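Mind looking over this structure? Questions follow.
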Amino acid sequence: MSTMQPAESQLRSWRQALLRGVRMRCPACGRGSIYGRFLKVRNDCATCGLGLHNHRADDAPPYFTMLILGHILVPLVLILERAAMPPLWLHFSLWLPLTMMLTLILLPRIKGALIGFQWAHRMHGFGGEAV
């Protein structure tokens, strides 16, 4: 029995794919954009032709975004409350815009990283098999 594996079955660099996804670039070539519009994934990479329509991000990007922002913002809110006890209007005027801004920044990057992860592990049709 041969221990050699075909080149197509070898693992792709998941670190590189994640970083390219965070930069919102194609996980295969790193040059083409994965989005046509905000959070709307292109069918194919304009640079290398990789089919991006196979991805299955579903609810994971919003979940990870909430998880990350919750771990960042909740301690900050509690620290401010304990230190200064500002009025409620100040909390709303500070934390709501910050939450919205960070969500809009993080969500496409997390979705891109998830698409890169799927490509690196040949999930959901990124391995060449029929979907």
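The values are calculated or read from the model by the stated rules, or taken from the named source; none is laboratory data. Everything numeric here is computed off the predicted structure, so don't read it as measured data. Positions of Cβ are generated from backbone atoms using ideal geometry, with glycine treated the same way; all protein chains shown enter the neighbour counts.
Pairs only if they're at least six apart or on different chains, beta carbon under 6 angstrom, first in the range 103-130 and assigned to a loop (DSSP other than H, G, I, E, B), second modelled with pLDDT under 95 and not polar (S, T, N, Q); list them, first residue then second.
From residues that are assigned to a loop (DSSP other than H, G, I, E, B), the pairs are H124/R56; G125/V131; F126/W119.
So which of W95, W14 ends up being at pLDDT below 95, surrounded by 10 or more Cβ atoms within 10 Å (Cβ to Cβ) and among the aromatic types (F, W, Y)? I'd like the intermediate steps shown before the answer.
Numbers: W95 fails: at pLDDT below 95.
Going through W95, W14 in turn, just one is at pLDDT below 95, surrounded by 10 or more Cβ atoms within 10 Å (Cβ to Cβ) and among the aromatic types (F, W, Y): W14.
Just the residues that are over 25 Å from the mean Cα position of the chain (by Cα) and either assigned to a helix (DSSP H, G or I) or of a type in the set (S, T, N, Q) (or both), please, taken from the range 86-102. Spell out how you get there, then give the answer.
As a first pass, look at the range 86-102 and keep what is over 25 Å from the mean Cα position of the chain (by Cα): 86-94.
Selection gives L88, W89, L90, H91, F92, S93, L94.
To keep it simple, each residue is scored yes or no on (1) among the acidic types (D, E); (2) part of a loop (DSSP other than H, G, I, E, B).
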| site | (1), (2) |
| --- | --- |
| C48 | no, yes |
| D58 | yes, yes |
| Y63 | no, no |
| H71 | no, no |
| L78 | no, no |
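What about G51, is it modelled with pLDDT under 95 and touching a Gly at 6+ places or on another chain (Cβ under 8 Å)? Spell out the reasoning first.
Working: modelled with pLDDT under 95: yes; touching a Gly at 6+ places or on another chain (Cβ under 8 Å): yes.
Yes; evaluated as a whole, the condition is true for this residue.
Test A83 against the criterion of being under 19 Å from F126 (Cα atoms) and in a helix (DSSP H, G or I), and give yes or no. Working first, answer last.
Details: under 19 Å from F126 (Cα atoms): no; in a helix (DSSP H, G or I): yes.
So A83 fails the test.
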